[in-house]
Amino acid sequence: MNPDEAPIQTPIQAPVVERRTIDVIPDAERHGTPRSQFTLWFGANMQITAIVDGALAVVFGADALWAIIALLIGNVLGGVVMALHSAQGPRLGLPQMISSRAQFGVHGAVVPLVLVVLMYLGFAATGSVLAGQALGRILNVPATAGILLFGALTAIVAVTGYRLIHAVGRVATVVGVCGLGYLLIAVFTRYDVGAVVGAGSFDAPTFLLAVGLAAAWQLTFGPYVADYSRYLPRHTSERATFTGTFLGSVIGSQWAMTLGALIAAVSGDAFVKDQVGFVGELAGPAAVALLIYIVIVVGKLTVNTLNAYGGFMCLLTTVTAFTGRSTISPVTRALYIVGFTAVSVAVAIVASADFLNNFKNFLLVLLMVFTPWSAINLTDYYLISGNGWTCPPCTTRRDATAAGT
């Protein structure tokens, strides 16, 4: 062998339960392709909360046609930003938020970390409400019992970790296409969609609201995405990682949000009063409605697992800013995840009945918070620190800075 050539490392088979936390993923443990980013983010967006997000613009006054156009603009603009974060993963081998230490410092990064933890809790709680309602209808139990069961499922997948999360994403992709495709057809066959879509005039405030809601939806995935691309081999093309993440997230979210805008346009107050129940009625016969409820649960399980997994790593990153430790035992790791999930379930159980209005405000607040964070992180990574599309892999110095060592 040429002494100037580095030996080729064979990827190590990862254990069933993930053992890595916020430490750098060694090259020998890297695996996968950018296609995995497409299925994960497509599946994570083909779900009931994205449908609700798309419905919000119509609920608050926009014509459905203009709402769909505005949602597409917002998804594309926000999707570009979130996918740029994803492209950092293979280079750094780190979770997304710990890389913020390179811009804010080890202790300064605690501020955005705390805000991200609150975001994860908010999304986990709202998702648990909807998934709990669906599980309650499947099992014929109260919604509270459904929320508790859904929390348990979330904790199991998140504790198992990276490989199972991606597997659930692949399942959610197939299930989401079938389920939301069926619902889209049902809307057109059961309602006179042409009579309500395009019937209203263009209204700038509600159009901009819809753009903001979709952009906020995408931007709030910014703190997530590198968590799920950091295991990709270091030589993985940044363009390929960007493209897989961007297309998966934008296509999945636009599909779901378009369905939500159409449902809100044809349903009036029925969808506002009971989102999960209306979707079940739209499905038709009881057996089909049951399948649609399963679709809702699978889609929400995918994204809620991302919330629990990311929430645990942000909590750990915050704690290690003061303790200096970057590794923990598997038991401690599991306790972090279970504790985070338990808090989100408690919030879901006591959540306000005014779900739609609170959810809209929640998304717009997050847009205000994470737009400057994304701008700072991306500007430093791509323009200041010399890690643009064509630059060589990150230096040891930058990896050490980001990890806080």
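Taking the criterion of being out of contact with any helix residue (DSSP H, G or I) (no Cβ under 6 Å at 6 or more places or on another chain) and within 21 Å of VAL319 (Cβ to Cβ), would at least one residue in the range 59-81 satisfy it? No, every residue in the range 59-81 fails to be out of contact with any helix residue (DSSP H, G or I) (no Cβ under 6 Å at 6 or more places or on another chain) and within 21 Å of VAL319 (Cβ to Cβ). Residue count for the range 294-312, restricted to those that are of a type outside the set (S, T, N, Q) and under 15 Å from LEU118 (Cβ atoms): 4.
Figure legend. Inter-residue proximity from the range 149-167: first residues free of Cβ contacts under 8 Å to residues at least 24 places away in the same chain and at negative phi, second residues among the hydrophobic types (A, V, I, L, M, F, W, C) and crowded, with 22+ Cβ neighbours inside 10 Å, beta-carbon distance below 8 Å, spacing 6+ or different chains. Indicated pairs: LEU149/LEU135.
Look at ALA70 and say whether it is modelled with pLDDT under 90 and either in contact with a strand residue (DSSP E or B) (Cβ under 8 Å, 6 or more places away or on another chain) or part of a helix (DSSP H, G or I) (or both). No; evaluated as a whole, the condition is false for this residue. Entry remark, the range 298-335: residues being more than 19 Å from PHE150 (Cβ to Cβ) and either assigned to a helix (DSSP H, G or I) or under 22 Å from the mean Cα position of the chain (by Cα) (or both) number 16 in total. Taken together, PRO233, PRO223 contain a single residue that is within 14 Å of the chain's Cα centre (by Cα), assigned to a loop (DSSP other than H, G, I, E, B) and in contact (Cβ under 8 Å) with a residue 40 or more places away in the chain, which is PRO223.
Answer yes if at least one residue in the range 15-22 is farther than 27 Å from LEU208 by Cβ, more than 22 Å from the chain's Cα centre (by Cα) and β-branched (Val, Ile, Thr), and no otherwise. The answer is yes; a qualifying residue exists. Once the range 207-246 is narrowed to residues that are surrounded by fewer than 20 Cβ atoms within 10 Å (Cβ to Cβ) and among the hydroxyl-bearing types (Ser, Thr, Tyr), the residue that is modelled with the highest pLDDT is THR243. Of all residues in the range 305-339, which are closer than 20 Å to ILE156 by Cβ, among the β-branched types (Val, Ile, Thr) and buried (at least 24 other Cβ atoms within 10 Å of the Cβ)? Correct list: THR305, ILE337.
The values are calculated or read from the model by the stated rules, or taken from the named source; none is laboratory data. Just so it is clear, the model here is predicted, and its values are computed rather than measured. When we count neighbours, we look across all protein chains shown, and the Cβ atoms used for this are built from the backbone with ideal geometry, even at glycine.
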